[in-house]
Amino acid sequence: MIRRRTFLAASAALPFLAARARAQMAVPKLPADFVWGASTSCFQIEGAVREGGRADSIWDVFAREPGRIADGTNADVAADHYHRYPEDVDLLAAGHFRAYRFSTAWPRIVPEGTGPVNPAGLDFYDRLVDQLLEKGVQPWACLYHWDLPQALQQRGGWHNRDIAGWFADYAQATVGRLGDRVKHWAMLNEPSVHAIFGHAVGNHAPGLTGWPSYLKAQHHQNLAQGTAIAALRAQKPDLVLGTVFSLQPVLPSTDKPEDAAAAQRFDAAWNTNNLDPLFKGIYPAAYADQFAPLIKGDDMARIKVAVDFLGVNYYGRAHVVNDPDSVLAQAGWGPQPPGTRTTAMGWPIEPQGLVEVMRRLRDEYANPPAFIMENGACFDDPPPRNGVVDDPERAAFIRQHIIACRAAVDEGCALRGYFVWSLLDNFEWAEGLRRRFGIVHVDFATLKRTPKESYRFLAEVMKPG
Ligand code: GCO
């Protein structure tokens with residue numbers, strides 16, 4: 001059946017776009033209750049790393065080590081969101097964002113990781129949440145976006161299975177203060193990516209390496225996620241609870257059998273080592289034997305919990321080849337199909353992959369209510385000129401992925417919302433401040449915010465009525 005699509009034309013309210021570009025910006029309408037949002041994470045934007053009783057996270061320590069961050073920067077100031085949050089909330093409201101996904105910093109709230117809760121740390125999120133609600137933006141909080149308290153790393157971090165309880169305690173303390181106003185809570189951001197880059201490849205904090213290290217970090221994140229969800233359900237049954245995975249279709253770059261096998265291993269490491277435990281209570285066959293020694297007692301029952309939503313971070317497909325020397329599933333990134341366009345990160349621009357991810361959730365995981373919780377692109381934007389940052393490639397990227405969202409909805413996938421990554425230019429982990437993903441430009445010297453054309457485009461798309 002061919003469905004009729006209603007197209008919403010980006011209107012003449014886009015002052016800086018040529019008429020032709022405006023016409024190309026036409027996007028399909030999504031359901032009236034579709035949630036439009038923007039995402040950030042605390043370490044990447046807050047700065048103020050030594051204020052309000054915050055202690056070091058693993059990323060503060062990692063960024064101080066020479067050579068770890070490509071441009072030698074750190075996140076001590078970042079976008080200074082800690083002080084400038086009212087301005088950032090105004091940008092959300094003026095841009096018609098209905099929802100804002102932020103993360104709470106464990107080292108602000110429980111600086112030593114366990115033990116005393118720091119009221120000043122919670123005060124910051126209290127102010128942020130009140131400001132959001134006052135401006136009509138729904139807060140969505142994520143409890144862990146990779147910034148483990150350094151004090152916990154010294155106790156083994158994600159290698160120590162006690163972390164499941166430590167995380168649940170921190171989650172309960174945070175919900176205890178904010179749960180009267182924040183209904184939507186995600187537990188972890190991209191556990192597989194944290195396990196792979198932070199604990200196997202070593203190019204992210206805490207800089208650990210090796211596959212056994214990955215397995216522990218992955219299993220204990222799965223366990224912490226399930227433990228925290230159960231604890232929060234018991235604490236406050238009216239909360240809407242979920243978690244956030246990075247999901248990518250994985251394709252072999254060639255038709256060689258060894259590349260096909262590498263793609264299967266990579267898929268398990270990246271996608272299904274998260275999905276299968278949560279939704280099915282098992283590890284995929286490719287790694288089940290390797291995880292087995294780590295599984296104790298009723299671990300798998302604790303991990304398989306009902307979630308109210310799944311957050312999906314989607315950037316592109318993974319094209320991989322066999323690489324026996326690679327710690328990541330003995331697979332490496334391989335050539336992309338000829339003619340594939342890429343972002344400034346070298347990532348392929350493949351909106352159709354978003355539809356493939358959603359189909360997989362529909363067909364293999366019982367179609368959980370899902371939100372695209374990160375999607376966006378890094379481009380080498382020109383600096384602001386006369387208050388304008390022209391980023392047509394980012395606007396086009398977002399538009400193509402909104403069209404993909406509509407296609408997924410049309411195919412019966414339970415896709416309920418789209419959150420752009422990211423509201424602000426920010427600290428892009430090992431890449432530092434040089435990689436810009438924001439729809440709002442941040443001058444890291446003056447901290448001035450300048451909405452980019454992609455912000456104006458999205459504002460037009462999301463405008464009610
Ligand atoms: C991730 C994180 C974000 C990134 C974004 C761009 O996916 O790595 O969730 O913090 O900044 O994805 O790389």
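Would you check which residues across the stretch 38-49 are within 16 Å of the ligand (Cβ to nearest atom) and either of a type outside the set (A, V, I, L, M) or surrounded by fewer than 24 Cβ atoms within 10 Å (Cβ to Cβ) (or both) and list them?
39, 40, 41, 42, 43, 44, 46, 47
What's the number of the condition residue 339 fails, among (1) without any contact (Cβ under 8 Å) to a residue 60 or more places away in the chain; (2) touching a helix residue (DSSP H, G or I) at 6+ places or on another chain (Cβ under 9 Å)?
Status for residue 339: all satisfied but (2).
What number of residues within the stretch 433-465 are closer than 17 Å to residue 76 by Cα and more than 17 Å from the chain's Cα centre (by Cα)?
Residues that pass the stated criteria total 9.
Report, by residue number, each residue of the stretch 51-81 that is among the basic types (Lys, Arg) and either in contact with a strand residue (DSSP E or B) (Cβ under 7 Å, 6 or more places away or on another chain) or in contact (Cβ under 8 Å) with a residue 12 or more places away in the chain (or both).
54, 68
Could you check the stretch 236-300 for helices (runs of 4 or more DSSP H) lying wholly inside it with 1 or more residues that are aliphatic (A, V, I, L, M) and surrounded by fewer than 20 Cβ atoms within 10 Å (Cβ to Cβ)? Please lay out each step first, then the result.
Working: elements: 257-267, 273-280, 285-291.
Fully inside the stretch 236-300 and qualifying: 257-267, 285-291.
With a cut-off of at least 2 residues that are more than 16 Å from the ligand (Cβ to nearest atom) and surrounded by fewer than 23 Cβ atoms within 10 Å (Cβ to Cβ), name the helices (runs of 4 or more DSSP H) lying wholly within the stretch 82-185.
In the stretch 82-185, 119-134, 150-153, 163-178 are the helices (runs of 4 or more DSSP H) which contain 2 or more residues that are more than 16 Å from the ligand (Cβ to nearest atom) and surrounded by fewer than 23 Cβ atoms within 10 Å (Cβ to Cβ).
Against the definition (over 30 Å from residue 159 (Cα atoms), in contact with a Leu (Cβ under 8 Å, 6 or more places away or on another chain) and not hydroxyl-bearing (Ser, Thr, Tyr)), how does residue 302 come out, yes or no?
So residue 302 does not fit the description; no.
Residue under question is residue 35, and the condition is that it be away from the ligand (no atom under 16 Å from the Cβ), aliphatic (A, V, I, L, M) and within 22 Å of the chain's Cα centre (by Cα); does it hold?
yes
Which residue, of 279, 245, 291, 266, is among the aromatic types (Phe, Trp, Tyr), within 16 Å of the ligand (Cβ to nearest atom) and either within 29 Å of residue 371 (Cβ to Cβ) or modelled with pLDDT under 95 (or both)?
Answer to the selection: 245.
Do we have residue 208 as in contact with a Phe, Trp or Tyr (Cβ under 6 Å, 6 or more places away or on another chain), more than 16 Å from the ligand (Cβ to nearest atom) and among the aliphatic types (A, V, I, L, M) here?
No; evaluated as a whole, the condition is false for this residue.
Given the condition within 15 Å of the ligand (Cβ to nearest atom), in contact with a strand residue (DSSP E or B) (Cβ under 8 Å, 6 or more places away or on another chain), touching a residue at least 12 places away in the same chain (Cβ under 8 Å) and over 23 Å from residue 277 (Cβ atoms), answer yes or no: does some residue in the stretch 186-196 qualify?
No, the stretch 186-196 contains no residue that is within 15 Å of the ligand (Cβ to nearest atom), in contact with a strand residue (DSSP E or B) (Cβ under 8 Å, 6 or more places away or on another chain), touching a residue at least 12 places away in the same chain (Cβ under 8 Å) and over 23 Å from residue 277 (Cβ atoms).
Would you mention how many residues in the stretch 413-431 are farther than 23 Å from residue 80 by Cβ and assigned to a strand (DSSP E or B)? Step through it out loud before you land on a result.
At the first step, the residues of the stretch 413-431 found to be farther than 23 Å from residue 80 by Cβ are 413-418.
Filter again for assigned to a strand (DSSP E or B), leaving 415-418.
Residues flagged as farther than 23 Å from residue 80 by Cβ and assigned to a strand (DSSP E or B) within the stretch 413-431 amount to 4.
In the stretch 410-438, what residues are within 16 Å of residue 101 (Cβ to Cβ) and within 13 Å of the ligand (Cβ to nearest atom)?
Restricting attention to the stretch 410-438, the residues satisfying the condition of being within 16 Å of residue 101 (Cβ to Cβ) are 415-424, 426, 437-438.
Once the filter is applied, which keeps residues that are within 16 Å of residue 101 (Cβ to Cβ) and within 13 Å of the ligand (Cβ to nearest atom), the stretch 410-438 yields 419, 420, 421, 422, 423, 424, 426, 437, 438.
Checking residue 256 against (1) under 25 Å from residue 350 (Cβ atoms); (2) touching a helix residue (DSSP H, G or I) at 6+ places or on another chain (Cβ under 8 Å): exactly one of these is not met. Which one?
(2)
The values are calculated or read from the model by the stated rules, or taken from the named source; none is laboratory data. Because the structure is predicted, anything quoted here is derived from the model rather than measured. Cβ: placed from backbone, ideal geometry, glycine included. Neighbour counts: every protein chain shown.
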